[in-house]
1. Do the conditions hold for residue 44, that is, is it in contact with a Lys or Arg (Cβ under 8 Å, 6 or more places away or on another chain) and without any contact (Cβ under 8 Å) to a residue 40 or more places away in the chain?
2. Please return the ranges of strands (runs of 3 or more DSSP E) entirely within segment 27-110 where 3 or more residues are within 24 Å of the chain's Cα centre (by Cα) and buried (at least 18 other Cβ atoms within 10 Å of the Cβ).
3. Filter segment 106-151 down to residues that are touching a strand residue (DSSP E or B) at 6+ places or on another chain (Cβ under 9 Å) and at pLDDT below 80 and give me whichever is farthest from residue 261 (Cα to Cα).
4. Can you tell me which of 180, 258 is assigned to a helix (DSSP H, G or I), crowded, with 24+ Cβ neighbours inside 10 Å and not charged (D, E, K, R)?
5. Those residues that are of a type outside the set (Val, Ile, Thr) and in contact with a Leu (Cβ under 9 Å, 6 or more places away or on another chain), I need them from segment 1-17; list them, please.
6. Restricting attention to segment 184-200, which residues are within 15 Å of residue 322 (Cα to Cα) and touching a strand residue (DSSP E or B) at 6+ places or on another chain (Cβ under 9 Å)?
7. Kindly provide the set of residues from segment 264-285 that are surrounded by 17 or more Cβ atoms within 10 Å (Cβ to Cβ) and either over 21 Å from residue 318 (Cβ atoms) or among the polar types (S, T, N, Q) (or both), ordered by number.
Amino acid sequence: MKINKPVKKVFVAQRASLGDTLLSTPTLRAIKEKYPESRTIFLASPSARDILEGHPYVDELIVYEKGDRVFPIIKKIWRSDFALILDYHYRSSLFSWLARIPVRIGRSPLNKSFLTHQVLGTPSSDVYEAENTLAVARYAGIDTMNYKLVMAPLKALEQEKADRLLRTAGIDIEKDKLVVLAPYSLSDLKDWPEENYRQVIGFLKKHGYKPVLVGGKEHRSRASGFRGVYNFVGDTNIRETAYLISLAELVICGCTSVLHFAATTSTKAVAIYGPTTPVQWAPRQGCTPISKFLDCSPCYNTGRECERDKLCVRLVTAEEVMREVSQILKL
């Protein structure tokens with residue numbers, strides 16, 4: 001379809017995870033390229049605030065969680081020219097309907113009654129997720145081949161804090177060679193065994209690299225068992241973590257938002273995949289994914305018990321990862 005009138009205001013909803021939100025940024029760029037004079041209003045979850053606050057392609061950010069007042073949101077998005085519902089939340093499409101937005105495009109069958117146009121089919125695991133997201137925008141005649149992910153810029157105070165954290169830990173950002181490791185994700189089933197990370201950490205130190213651990217506050221207690229590393233787990237916000245990554249020569253992690261942070265800073269990464277597939281979730285540039293495609297994977301079983309005790313993740317050995325690291329760092 002085509003939008004046959006001047007576009008002044010666009011409503012975009014994506015209330016999913018940090019990674020999903022970052023993977024929506026090529027769509028935001030495409031909107032601005034298509035309608036440079038338009039105003040983009042983005043509805044996001046609280047966890048994504050640091051990604052989007054001050055973002056170059058977001059004119060107004062609405063952070064919403066269940067229980068917040070709805071009327072102020074409806075007022076802000078009232079009669080936008082069109083809405084792109086990128087998530088699968090019932091309320092996102094409901095808000096667009098209540099705001100009398102004439103063109104409401106989305107994908108989820110759950111939202112069908114509130115949409116004027118539904119993109120057929122479900123996101124493909126054989127396609128990069130940023131392109132899956134763009135399928136909704138393409139329905140409105142918006143497209144791009146630029147899949148570069150973009151995060152809101154670092155604030156001066158945040159950089160000062162991160163630099164001070166590094167100096168206090170004894171890291172010289174001008175001289176030291178850093179490798180960032182993110183051992184944890186939102187699901188234990190995606191996490192590579194800690195013992196494997198310890199082997200890789202020892203390998204990195206042997207070759208003169210300083211291993212830096214990052215992660216959320218919820219992972220702080222789990223990460224306390226690591227020794228001989230610079231452990232900043234729980235100490236940095238999202239933009240500060242991305243800044244640390246920008247100073248590193250490599251990131252090693254699983255299928256987690258940290259991998260997408262690396263993509264925003266063009267930092268190379270080695271990523272271990274298990275129940276999810278790198279075809280859909282690995283950045284298109286600078287990422288070396290390692291995955292064991294078993295008869296049961298990808299299964300996307302990230303919230304339940306695994307009958308095979310995470311075999312798909314456990315089969316990836318420390319030696320395999322160290323081999324890829326050696327090639328990238330030219331060790």
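The values are calculated or read from the model by the stated rules, or taken from the named source; none is laboratory data. In this text, all values refer to a predicted model and were calculated from it rather than measured experimentally. Counting neighbours? That spans all protein chains shown, and the Cβs are built from the backbone with ideal geometry, glycine included.
1. Values: in contact with a Lys or Arg (Cβ under 8 Å, 6 or more places away or on another chain): yes; without any contact (Cβ under 8 Å) to a residue 40 or more places away in the chain: yes.
Yes; evaluated as a whole, the condition is true for this residue.
2. Values: elements: 39-44, 60-63, 82-85, 104-106.
Answer list for segment 27-110: 39-44, 82-85.
3. Across segment 106-151, the extreme among qualifying residues is 112.
4. Numbers: 180 fails: assigned to a helix (DSSP H, G or I).
Sole residue among the options that is assigned to a helix (DSSP H, G or I), crowded, with 24+ Cβ neighbours inside 10 Å and not charged (D, E, K, R): 258.
5. Kept after step one, since they are of a type outside the set (Val, Ile, Thr), are these residues of segment 1-17: 1-2, 4-6, 8-9, 11, 13-17.
Result: 11, 13, 14, 15, 16, 17.
6. Initial filter on segment 184-200 (within 15 Å of residue 322 (Cα to Cα)): 192-200.
Residues satisfying the conditions are 192, 196, 197, 200.
7. Correct list: 264, 265, 267, 276, 277, 279, 280, 281, 283.
So that you can scan it fast, the table gives a plain yes or no per residue for (1) polar (S, T, N, Q); (2) over 17 Å from the mean Cα position of the chain (by Cα); (3) more than 29 Å from residue 319 (Cβ to Cβ):
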site	(1), (2), (3)
166	no, yes, yes
173	no, yes, yes
185	yes, no, no
196	yes, yes, no
202	no, yes, no
205	no, yes, no
209	no, yes, no
223	no, yes, no
